[in-house]
Amino acid sequence: MDHLDKLEAQSVYILREAYREFKSLCMLWSIGKDSTVMLWLARKAFFGHVPIPLVHIDTHYKIPEMIAYRDRFALEWNLNMIYGENSEALADKLTFPDGTTDRLTCCKYLKSEALKHTLSGEWPRYRMDHEQRRYVVDEGREPYTGVIVGVRADEEGSRSKERYFSPRDKDNVWDVGDQPPEFWNQFKTDFAPGTHVRIHPLLDWTEQNIWEYIEREKIPVVSLYFNQGEGIRYRSLGCYPCTNPVLSDARTVPEIIDELKSGKFSNIAERSGRAQDSEDGGLETLRRDGYM
Amino acid sequence: MNGRAQMNIVIVGHVDHGKSTVIGRLLADTGSLPQGKLEAVRESCRRNSKPFEYAFLLDALKDEQAQGITIDMARCFFNTAARDYIIIDAPGHIEFLKNMITGASRAESALLVIDADEGIKENSKRHGQMVAMLGVKQVTVLANKMDLVGFSEAVFEKLKADYTAFLEAINVTPVSFIPISAREGDNIASHSGRMEWYKGATVLEQLDQFVSEKELQEKPFRFPVQDIYKFTRSNDDRRIVAGTVAAGRVQVGDEVLFLPSNKKSVIQSVESFNTDPKHVASAGESTGFTLATQIYVRPGELMVKPGESRPEVGSRFRVNIFWVGRAPMIRNKSYKLKIGSARATVKLAEICSTLDASDLTSSQSKQQIDCRDVAECILETSRPIAFDTTAVSEATGRFVIVDNFEIAGGGVVVENLSVGETLLQQHIRDRESNWEAGLVRTEQRAIANRHRAKFIVFTGAQGSGKRVVAKALELGLFQNGMNAYYLGVATLDRGLDADLGSHADSAGERLRRMGELARILTDAGLIFITTIDDADDYDIETLKLLNEPNDILVVNMGESSFSRYQPDLQLADGGVVADAVTLVAAFLKAKEIIIDYQI
């Protein structure tokens, strides 16, 4: 087994463990490369099927191509696709692009709050109806107690401390100082009522591993990751007002891998194009508050 | 494809002995830091008027820098020409022992950092002990802060001798000792000019010299069954036995044996998604199989090859355990054991000895296992499980114990002790000797009732029609003037078992309560009838024991999920209900439970 085989085997094991132990489970799909690889790993784990609902938080500021891509594969791969949103903040125009909040507050409203209330079932969920080929309001409102998230330990400091199975209390709070032990491959799969758990199958993957796996498995990813001839591409995807493309000539997956290995990005942090990270507190403050 | 080798290394040691500094140095000296990271940390130090330290690179979280100690284990990635490394920085502070163990359990090799100036401390020993127990075979000791002792060879040699003696006492042979100064960079990536007397490897060279674990493929095949999948609703009829191969290899056509159920089948296919067809699966692979015959197996069983050396099956075993739970481990309390893919209810049966991991003093007299104790003890599960002793197979000989939703301890199985009286047998002996009977004797009841008492259990697959037959039997016996009583198990969920919740872990307790209930109702003279889906040998043997001294009658309908147990009566499923009832009644008559039965 090479290193990708090992990473794949461990992630598959974690996904199956989650599916075995949690009755009310969902997987967050941001449409980005990491959670798309995670979705692919679920197809590996369940032999072509994805018996877990996929949840996407639509901020309505996502680059339109991301939404088109999401819906295409939701239909093609027969996914149980669900999205949620903060319709109040959007209606009241409480967003950074509207000029009424700073970037971090906008993230909090459109992502953290929307996510929290979509997971808990308090706000409406929209489910892809495969017969009508469009989204309908989902009747299921039960809270998800297990949430699978595609974070990687190499992304930034706070994520390097995560567990594969990480508990959150009722208010989504992550107690970094008191995390459960994980011995060998035995994880914390027992949870008291009222708490829920985040499951991180990609914790050991690096950005380079992700691209190597995309290359090996021929996983379709959004074309925004590639230079379309203008000498720019996205390295990390988010909302268009806060995500900037990077200068790059990489048109294909192998070219991206070269760029990461020895080229211009071998020493530059992946999220450097994400503006909210550089504000005070940045990602760590967001994460303590429930951001993924 | 990039086939580079990868290795997990854990770095442990007493608080403030410089683990994070070693890693910070390794990252900086191998050029593994993202651009700007070093500058950012230097800048933050300048703003806060603190001297820069390499350790700050790792202690990325705010509250960590505030406390100045590593709270959790952090992972960092770097590579040398030889391979890729994940360095796991385990916290040294005693409060965070469980995090240290989490880190160490994932590692193949360990770097143990000792402050040459301060010397061997409590955690230097405790961590050495833990690392050994977790099965990390390769340990290199780094004598850090050599700059504070004037790069003295004598200090280094003394520390080496003292610590080697300690390691020998716990059967660990260190790979090497390296004198370093992480802060100054001596002997990290390049040889120090200030310790000419040291001729050994630098830390970086040593990392590349660690050898990867011997291939598990050579060992006997072990496949803990993680789950059984059938995605019928997506038009997929494959019934797939899924899991990760813990050791050995298996191929299409191989005969396989499931334990503890003892069922056998043959591997029909190796299943996968988006790969070329596979015929073989070996250690480390997360895979799935279809079987040539339809047999009923459950998640938690261990699939092996009958021709190879067999794992142990038992419910009583000697273990080495370390405890990190807030509450101590005590007797007469039910815990949850997780070993391989199996989960079982477990109790602490006996404490043989406990060990204070810091000074290695042992005690034979402790009545409980406290937080941070290492203990040798005897555990007993409520039902038999399949496992290996750790000397035979580490992956299937390691377990954790869950107390009140938390992983509170972990350990390794040393010996199978499944002989002698079980806790259940002890319980029944105790119960019966304290049973307070009324003045009516069993025989008097039987004469008055014109039948004997009996516990009748119908079993078989879901949908085999056993409930319909069981209820019809109750009605038929009642209409013949007998005291028959049917109780549906689901009824108990909202009554007697309401405190147990819906989780599968409570199956053992449900079974116990059913058995105790049967003991009471048969004592009252009833013919007590119930049904159980897919009862296995163990379920029936438990009910039989719990119902003692009264009798049990087992009727199986359709496909049997027993492996050795012979039901008293075997009925076909899908037959005429009245005929089935007549057969059972005739059997009861033949056994002189009832005198007569009119249809």
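For this structure, a couple of remarks:
- A:R134 vs. criteria more than 30 Å from A:T195 (Cβ to Cβ), without any contact (Cβ under 8 Å) to a residue 60 or more places away in the chain, in the same structural domain as A:W29 (by TED's automatic domain parsing) and surrounded by fewer than 17 Cβ atoms within 10 Å (Cβ to Cβ): yes
- Of the residues making up segment B:425-446, those that are part of a loop (DSSP other than H, G, I, E, B) and within 48 Å of the chain's Cα centre (by Cα) are B:N434, B:W435, B:E436, B:A437, B:G438, B:R441.
- Checking A:Y61 against (1) away from every other protein chain (no Cβ under 14 Å); (2) surrounded by 21 or more Cβ atoms within 10 Å (Cβ to Cβ); (3) not aliphatic (A, V, I, L, M), the condition it does not meet: (2)
- Candidate set from segment B:266-295 (those that are crowded, with 20+ Cβ neighbours inside 10 Å and hydroxyl-bearing (S, T, Y)); member that is nearest to the other protein chains (Cβ to nearest Cβ): B:S286
- Whichever residue in segment B:60-111 is in a loop (DSSP other than H, G, I, E, B) and at pLDDT 70 or above and, among such residues, is nearest to the other protein chains (Cβ to nearest Cβ): B:S105
- B:T202 touching a helix residue (DSSP H, G or I) at 6+ places or on another chain (Cβ under 9 Å), within 21 Å of B:Y85 (Cα to Cα), away from every other protein chain (no Cβ under 14 Å) and crowded, with 17+ Cβ neighbours inside 10 Å: no
- Strands (runs of 3 or more DSSP E) within segment A:50-132 that include 3 or more residues among the aliphatic types (A, V, I, L, M): A:54-57
- Residue in segment B:217-229 that is of a type in the set (D, E) and more than 21 Å from B:D147 (Cα to Cα) present: yes
- Within this structure, A:T118 fails the test of being in contact (Cβ under 8 Å) with a residue 12 or more places away in the chain, within 15 Å of A:Y240 (Cα to Cα) and either over 16 Å from the mean Cα position of the chain (by Cα) or away from every other protein chain (no Cβ under 14 Å) (or both).
- Candidate set: segment A:259-292, residues that are outside any loop (DSSP other than H, G, I, E, B), modelled with pLDDT of 70 or more and surrounded by 15 or more Cβ atoms within 10 Å (Cβ to Cβ); chosen: the one farthest from the chain's Cα centre (by Cα): A:E259
- Any hit, segment B:391-398, residues being outside any strand (DSSP E or B), in contact with a strand residue (DSSP E or B) (Cβ under 9 Å, 6 or more places away or on another chain), over 30 Å from A:A192 (Cα atoms) and within 14 Å of chain A (Cβ to nearest Cβ): yes
- Pairs linking a residue in segment A:245-257 that is over 14 Å from A:V222 (Cβ atoms) to a residue that is among the hydroxyl-bearing types (S, T, Y), with Cβ atoms under 8 Å and 6 or more positions apart or on different chains, are A:V246/A:Y234; A:V246/A:S272.
- Restricting attention to segment A:2-49, the residues being over 18 Å from B:Y229 (Cβ atoms), at the interface with chain B (Cβ under 9 Å from one of its Cβ atoms) and not in a helix (DSSP H, G or I) number 1.
- Which listed residue is assigned by TED's automatic domain parsing to the domain that holds B:I401 and of a type in the set (S, T, N, Q), from B:S265, B:S286, B:S234, B:S334: B:S334
- Qualifying residue in segment B:128-136 (condition: modelled with pLDDT of 80 or more and surrounded by fewer than 17 Cβ atoms within 10 Å (Cβ to Cβ)): no
- In segment B:218-257, residue nearest to A:F22 (Cα to Cα) [restricted to those that are among the acidic types (D, E) and more than 9 Å from every other protein chain (Cβ to nearest Cβ)]: B:D237
- When residues in segment A:191-203 are screened for being within 7 Å of another protein chain (Cβ to nearest Cβ) and touching a residue at least 60 places away in the same chain (Cβ under 8 Å), 0 of them pass.
- Just one of the listed residues (B:G575, B:G558, B:G481, B:G488) is surrounded by fewer than 16 Cβ atoms within 10 Å (Cβ to Cβ), at positive phi and not hydrophobic (A, V, I, L, M, F, W, C), namely B:G481.
- Filter result (among the hydroxyl-bearing types (S, T, Y) and either in the same structural domain as A:A68 (by TED's automatic domain parsing) or under 23 Å from the mean Cα position of the chain (by Cα) (or both)) within segment A:223-258: A:S223, A:Y225, A:Y234, A:S236, A:Y240, A:T243, A:T252
- Test: residue in segment A:70-92 that is free of Cβ contacts under 8 Å to residues at least 12 places away in the same chain and facing chain B (nearest Cβ under 8 Å): no
- Residue selected from segment A:165-182 under the condition touching a Phe, Trp or Tyr at 6+ places or on another chain (Cβ under 9 Å) and more than 23 Å from A:H117 (Cα to Cα), by the criterion modelled with the lowest pLDDT: A:G177
- Test: residue in segment B:342-358 that is out of contact with any strand residue (DSSP E or B) (no Cβ under 6 Å at 6 or more places or on another chain) and at pLDDT below 90: yes
Residue-wise test of (1) surrounded by fewer than 12 Cβ atoms within 10 Å (Cβ to Cβ); (2) at pLDDT 90 or above; (3) among the hydroxyl-bearing types (S, T, Y).
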| site | (1), (2), (3) |
| --- | --- |
| B:L417 | no, no, no |
| B:T422 | no, no, yes |
| B:H427 | no, no, no |
| B:D430 | yes, no, no |
| B:G438 | yes, yes, no |
| B:Q444 | yes, yes, no |
| B:I447 | yes, yes, no |
| B:R452 | no, yes, no |
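- Test: residue in segment B:413-420 that is charged (D, E, K, R), touching a Phe, Trp or Tyr at 6+ places or on another chain (Cβ under 8 Å) and within 14 Å of chain A (Cβ to nearest Cβ): no
- Residue selected from segment B:288-305 under the condition under 19 Å from B:A342 (Cβ atoms) and not hydrophobic (A, V, I, L, M, F, W, C), by the criterion modelled with the lowest pLDDT: B:Y296
- Residue check: B:P260 meets all listed conditions (1) modelled with pLDDT under 90; (2) touching a Ser or Thr at 6+ places or on another chain (Cβ under 8 Å); (3) not aliphatic (A, V, I, L, M) but one, namely (2).
- When residues in segment B:112-155 are screened for being in a helix (DSSP H, G or I) and among the β-branched types (V, I, T), 3 of them pass.
- Residue in segment B:24-39 that is farthest from B:K145 (Cα to Cα), counting only those that are more than 10 Å from chain A (Cβ to nearest Cβ) and modelled with pLDDT under 80: B:E39
The values are calculated or read from the model by the stated rules, or taken from the named source; none is laboratory data. The shown structure was predicted, so the numbers you read here are calculated from the model rather than taken from an experiment. Backbone-built Cβ (ideal geometry, glycine too); neighbour counts: all protein chains shown.
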